[in-house]
1. Which pairs break 18 Å Cα to Cα here: Lys258/Lys402; Lys89/Lys214; Lys125/Lys214; Lys258/Lys413; Lys188/Lys214?
2. Taking the beta-carbon count within 10 Å as an exposure proxy, list Phe143, Phe152 from fewest neighbours to most.
3. What ranking do Leu369, Leu404 get, fewest neighbouring Cβ atoms within 10 angstrom at the top?
4. I'd like the FRET efficiency for Phe118 and Ser138, computed as 1/(1 + (r/R0)^6) with the beta carbon distance as r and R0 of 25 Å, rounded to 0.05.
5. For Lys213, which aspartates and glutamates qualify as cross-link partners when the Cα separation must be under 13 Å and same-chain residues fewer than eight apart are set aside?
6. If I take R0 = 30 Å and measure r between the Cβ atoms of Arg274 and Asn424 in this structure, what FRET efficiency does the formula 1/(1 + (r/R0)^6) give, to the nearest 0.05?
7. With a cut-off of 8 Å between alpha carbons and a minimum separation of six or more residues, what is the relative contact order of segment 85-226 in percent?
8. So which GluC sites (Glu not before Pro) in segment 319-373 end up in coil per DSSP with only 15 or fewer other C-beta atoms within 10 Å?
Amino acid sequence: MIYLLIGVLVLLSLVMAVSIWRHYRLKRFIHRLANHVREQTEHTLPLDFTDVPALMLPLYTAFKALLRQLPANIGRDPLTGLPNRANLKKTLAPLMPLTHGALVLLNIEQFRFVNDLFGFHTGDKVLQAFALRLRQFSSQPRFIARMGGDEFLLFFDTVVEQTQLLTLQQLLQQPYLVGNAPIGLKVKIGVLQLATDHADVSQMLRRVDLALKKATQPPFIAQYQHGDDQANQREMSIINSLPKALQQQQLYLVYQPKQALVSGQCVQAEALMRWEHPELGRISPAEFIPLAECAGMLGVVSDWVLDAAVAQLARWQQQGIRLPLAINLSSSDFEQDVVGKISAKLAEYQVDASLLALELTERTLVANLPDTQQKLRELRALGIKVAIDDFGTGHSSLAYLKDLPVDEIKIDKAFLDDLLINPNALKIMRCSIQLAHQLGFSVTVEGVETAAQRQLLVKLGVDVIQGLIFAKPMRAAELVCHAEKLHLFSNMDGDI
């Protein structure tokens with residue numbers, strides 16, 4: 001009889017673990033049964049075999065009801081009640097091949113900030129309200145699914161027009177009122193218009209995801225196009241090749257000198273990465289750096305750049321050349337012990353810290369401002385110069401600019417494009433230069449290509465220029481060979 005009781009309790013525990021929150025009646029029955037067993041145990045009363053069928057009948061009924069409900073619950077997202085990814089695939093599979101209609105993939109940009117600022121409970125409420133708006137959308141889709149996290153997918157029977165997508169986006173981006181806090185969202189949309197070549201569910205989901213990745217510019221809506229698969233294959237090839245490229249020295253640095261406008265001499269150079277892929281040819285940093293960041297390899301690349309740049313400074317020191325060298329750092333570098341890393345590298349190669357300069361974008365600076373400020377102070381205390389790169393293209397604000405421990409701002413090439421023909425562009429440039437000087441920063445303008453641009457920048461009081469008008473990016477050996485001819489160096493010990 002004891003074994004029978006133990007078996008009943010084990011079975012009850014298993015059932016409880018699966019559905020205690022959904023089946024209150026079953027929980028109440030378990031409580032009654034436990035009290036009955038405890039009463040008989042405490043009073044050492046024998047368990048009457050005739051009681052067993054009566055006790056087991058409610059358990060059997062509840063367990064049978066649970067089994068009937070399980071298939072319906074397996075394919076549902078418990079938070080929003082929408083079908084999940086598995087349910088979506090199961091629903092679309094019998095419809096293959098799909099020759100008409102559209103898949104629309106929605107992504108809530110930076111939704112983690114909602115959870116961080118307002119808490120996960122509020123985040124859950126926003127997601128539930130988001131799902132409700134999807135159900136209420138006037139161009140009702142045939143199927144709505146939550147793909148996971150902050151992504152939702154809609155399946156339409158017909159082609160979806162851009163106007164419908166804009167209406168949907170506007171609906172979903174209207175503020176969500178949770179408590180007294182209105183919460184705004186930014187929604188990116190990827191679209192796959194279905195045709196005869198879409199006969200595989202996994203391929204369709206991959207293609208609509210490719211479309212979503214393209215939605216990086218306003219209105220943040222992009223459609224899959226033929227050729228996106230090849231582009232994705234190239235991206236995957238680049239990501240997979242990067243570790244090997246670092247090991248086999250496919251990556252290398254080139255150096256673009258910067259010219260002081262007063263003296264005409266080179267006062268610094270910027271280290272720029274290049275990649276010669278054995279199969280894909282030359283790959284631009286603008287292409288592989290974002291991919292490295294997405295793949296979580298940007299830190300490895302930054303470490304390589306730091307090592308290569310400081311090693312080059314050491315070689316120049318041995319040649320009697322004291323040319324300061326600037327490298328670019330990302331926000332991920334400042335999430336680590338960047339001060340310790342740079343200090344150790346300078347000590348390893350016995351390089352003077354004053355020969356190293358750092359360039360950081362405004363995005364990097366404001367990502368974690370208090371921590372970044374402290375690390376910048378420590379770096380400058382070592383003698384390292386710090387510049388704000390691409391100034392004016394990010395989050396320029398006097399609120400943080402006045403407190404940043406930096407030495408220089410670099411004004412982006414975008415401000416030069418219509419400088420000679422647009423009076424407003426000229427006013428912005430003049431005000432930016434005056435502001436920087438009043439705050440104690442030197443000013444560098446990058447991307448200078450014409451004599452007319454250079455002459456105007458001289459009048460505006462720019463300190464340093466960088467661009468093809470002065471020198472192109474070049475290998476270290478080439479830069480040294482042309483040093484005397486181009487009058488590049490202002491500080492040299494000995495002959496080249």
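What follows draws every value from the coordinates through simple rules; no lab data is involved. Quick caveat, the model's predicted, so the values are computed rather than measured. No Cβ is skipped: glycine too gets one built from the backbone with ideal geometry, and neighbour counts run over all protein chains shown.
1. Lys258/Lys402; Lys89/Lys214; Lys125/Lys214
2. Lowest count first: Phe143, Phe152.
3. Sorted ascending by nearby Cβ count, the order is Leu369, Leu404.
4. The value I calculate is 0.30.
5. Glu109, Glu151, Asp228, Asp229, Glu235
6. With R0 = 30 Å, the Cβ-Cβ based efficiency is 0.25.
7. In percent, rounded to a whole number, it is 33.
8. Hits after loop and neighbour filter: Glu335.
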